[in-house]
Structure formats: structure tokens, C-alpha cells
Amino acid sequence: MIIILGFISLYIYPNQPRNATNYPIYFYFNAILFTIFIFNIPNALAFVLHWFFEKKSIIISLAGFVISAGLGISLLYGVVIGKQNLTVKEVTLTYRNLPKNFDNYRIVQFSDLHIGGMLKSNTILNKTKTKFERMDPDLLLFTGDLVNNFQTETNGFLPVLKDMGDLSLSYSTLGNHDYGDYTDWDSPEEKLSNLEGIISVLNETGFTLLENQHTVIKKGNDSIFLVGVENWGHPPFPQYANLEKALQGVPEEAFTILMTHDPAHWESQVKGKKSIELTLSGHTHGLQWGLKPAGISFSLACLTSKYWGGLYRNGASVLYVNTGLGTIGIPWRLDMQPEITVFTLKRGEID
């Protein structure tokens, strides 16, 4: 039965419906099936071992039950509490070349909404909006993955998204899920129409989308450059970004901030190669669970991404990976809470 549930789940995921009314229910139904499959594996293995050893050891079965029960309790906590437990991370960055008028400039980043996995009763977006209002940022940046697959997932969420986008200067990029690459489309035109719908939503809600482009942010007589690129990841993720095009016209000496959804892009094309002071990414979710032994964050996301969460430096270049607000796959977060990041830029000497 467990194996059958697993195969049903794996079949369902790439064949998700495009009806916005049913999508969240369908998403959670699939997630529950997959979760039952994953978290009953220890119990099933213990049963097989118990049978293999001619039922001589009840301890094996009990151990499997205890492990499965522990995983189940963790799952319940992550679904009910963990994914709603919004955290705000404060990061102060000091730069010698930061223009004078941008001293104490506040930038707020959020990422990976995956809004199709949110039920209409979900409060995380309203919590996020309230936080943004209190922060009163100079610049609000969203680093991609608005949806899981479909533009219709945003139905019912436009008012709260618009409230966010109207708070300050607001910009966004696309994430790998926004392109609709994870579903089967009836035609290329249908897929393109879906992408255009997502772009339209971002624009309608006040977020200016930067697709391999840059813009100038002014404050008084000073300015900095904000660059945004399309998604770029290590295969099999698509590589749509054109950083050279986005940087055309940006002076070499200018203070530059880059938005790129996948931190693999910084690792491969920015670190040690481009004069970009701050790069903001998302994508990894920190695998939606982690541990903090002795205050040190750890996640198995490190097995797939060297830069999976938090702050990384390479000389004067800094990367920050936001672990996201939403969920994909199993709708839970365990010690990897939904994240808003607040950056305060300082002008001064670097220690």
C-alpha cells in the first residue's frame, strides 16, 4: 500500500490541474500521499526485518514504529506551526564605495512564495504585509517563484500582493517555477500565455520585473544600480539569464545590486568575475528543514547547493540566500521558518 501511494503521488505532481479553485486542495492531497509514503518507510522496513527474522525480535517493529511516530509528529509541527512561524533576519553590510546618501539605506528581500501551495485561509501573506508596513523599507525586492506552475494560482491573492508592492520602490525577478517548466502544456503558445499572465500579475501588483535589465535607484544626488536577471541554474535547471546584457550601461565603479533567483548563478558567473557588491537569491528553501546545533545552521540542502542559506562573501562581493516564504513538495517547515530579510547598508571602512 505504501509503495502504491508513493507512485500515485509521483504521477500526480507533473499532472496538476490548472483550475485555481481546486489547485490548493489538489496540492495538499498530493503532499499528504507523498508524506505518508516517505514517513512510513521506517515502519515498513521494520516490519520486513521483523518478518525476515521469524518474528523473534519485537524490538525491531517497535523501533520502526517509534521512528515513524517521531517523524509524523515533526511533520505535524512543521505543517501547522513551522510554515506559519515568520522570522525576520537583520543583516548590516558596510561598503567603502557606498554613495553617501545611501548610508543607512534599508532593503527588504523576500522570495519563493509558491502561492499555489497556500490555502485561501493562509495567514502568512497578511503577516508578511504587516511586517513590511512596519519596516517601511526604501526598497522592496522579490527574488522569484511567485507560483508553483500556473498564473491562475494567484487568483484571490492580488489585493494583498498589491498592498505589498505599493509600499515602496518594488522590483522582482522570475524564478524557475514561474516559467511553467514543470508541467505538460497542450502547446508552446499556452505555456507562453501562462508566463505572460505571471508577468502581468507582477506588474499589476506594483512590482517592476527586471528581465536581464538594470535600473538606476536615486537618492539625492547619488545613485546605485539594481540589476535583475532571468533564472539561471546548474542543469537540469534552465539558464535564461543574460548577465552581460543586464550589465550593459552599468559603470564599472558603480555600486551594484544583483537579483538572481538561483545562487548557482553567483557561484558560476559572478563570484570573482563581476564587480557586483551585493547579490540576492532564493530558490533553495533551505530544504524547508534544518538544525541549529550550537547556533550553527545546518540543512541537507548543502548536499545539492553549496550556497543554500544566509550570507556568503568572496572578497568585496556578498551573496545572500533567502530561504523563502512558501513551500514546495511537502507543505512544511521545520526549524527553517519562512523568512524576510532586512538589509541595512552602511558607508564606511570594512574590518
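The values are calculated or read from the model by the stated rules, or taken from the named source; none is laboratory data. In this text, all values refer to a predicted model and were calculated from it rather than measured experimentally. Please note: Cβ atoms are built from the backbone with ideal geometry, for glycine as well, and neighbour counts cover all protein chains shown. To get the accessible areas, we keep the full protein, side chains included, count just its heavy atoms, and leave off ligands, DNA and RNA. Shrake-Rupley method; radii C 1.70, N 1.55, O 1.52, S 1.80 Å.
Check off (1) under 20 Å from the mean Cα position of the chain (by Cα); (2) under 24 Å from L247 (Cα atoms); (3) not in a loop (DSSP other than H, G, I, E, B) for H214 and give me the number that stays unchecked.
All conditions pass for H214, except number (1).
Of all residues in region 316-351, count the ones that are among the acidic types (D, E) and buried (at least 23 other Cβ atoms within 10 Å of the Cβ).
Number satisfying all stated conditions: 1.
Quick one: in region 98-117, of everything that is over 12 Å from I217 (Cβ atoms) and β-branched (V, I, T), which residue is nearest to the chain's Cα centre (by Cα)?
I115
For L141, indicate whether it is in a strand (DSSP E or B) and touching a residue at least 24 places away in the same chain (Cβ under 8 Å).
Yes: the conditions hold for L141.
Can G180 be described as more than 21 Å from E339 (Cβ to Cβ) and either of a type in the set (D, E) or in contact with a Leu (Cβ under 8 Å, 6 or more places away or on another chain) (or both)?
The answer is yes for G180.
Return a yes/no flag: does region 58-74 have any residue that is modelled with pLDDT of 60 or more and either open to solvent by less than 50 Å² (accessible area, probe 1.4 Å) or in a loop (DSSP other than H, G, I, E, B) (or both).
No; the residues of region 58-74 include none that is modelled with pLDDT of 60 or more and either open to solvent by less than 50 Å² (accessible area, probe 1.4 Å) or in a loop (DSSP other than H, G, I, E, B) (or both).
Tell me which residues, restricted to region 234-281, are assigned to a loop (DSSP other than H, G, I, E, B), among the acidic types (D, E) and open to solvent by 70 Å² or more (accessible area, probe 1.4 Å).
The answer is E252, E253.
Would you tally the residues in region 180-206 being open to solvent by 10 Å² or more (accessible area, probe 1.4 Å) and either within 24 Å of P263 (Cα to Cα) or under 18 Å from the mean Cα position of the chain (by Cα) (or both)?
Final tally of qualifying residues: 5.
Restricting attention to region 102-117, does a residue exist that is modelled with pLDDT under 90 and open to solvent by less than 60 Å² (accessible area, probe 1.4 Å)?
Checked region 102-117: at least one residue is modelled with pLDDT under 90 and open to solvent by less than 60 Å² (accessible area, probe 1.4 Å).
Do any residues in region 212-234 that are free of Cβ contacts under 8 Å to residues at least 40 places away in the same chain have Cβ atoms under 6 Å from those of residues that are in a loop (DSSP other than H, G, I, E, B) and open to solvent by 30 Å² or more (accessible area, probe 1.4 Å), where the two are at least six apart or on different chains, and which pairs are they?
Going by the 6 Å Cβ cut-off, the qualifying pairs are N212/E230; N212/N242.
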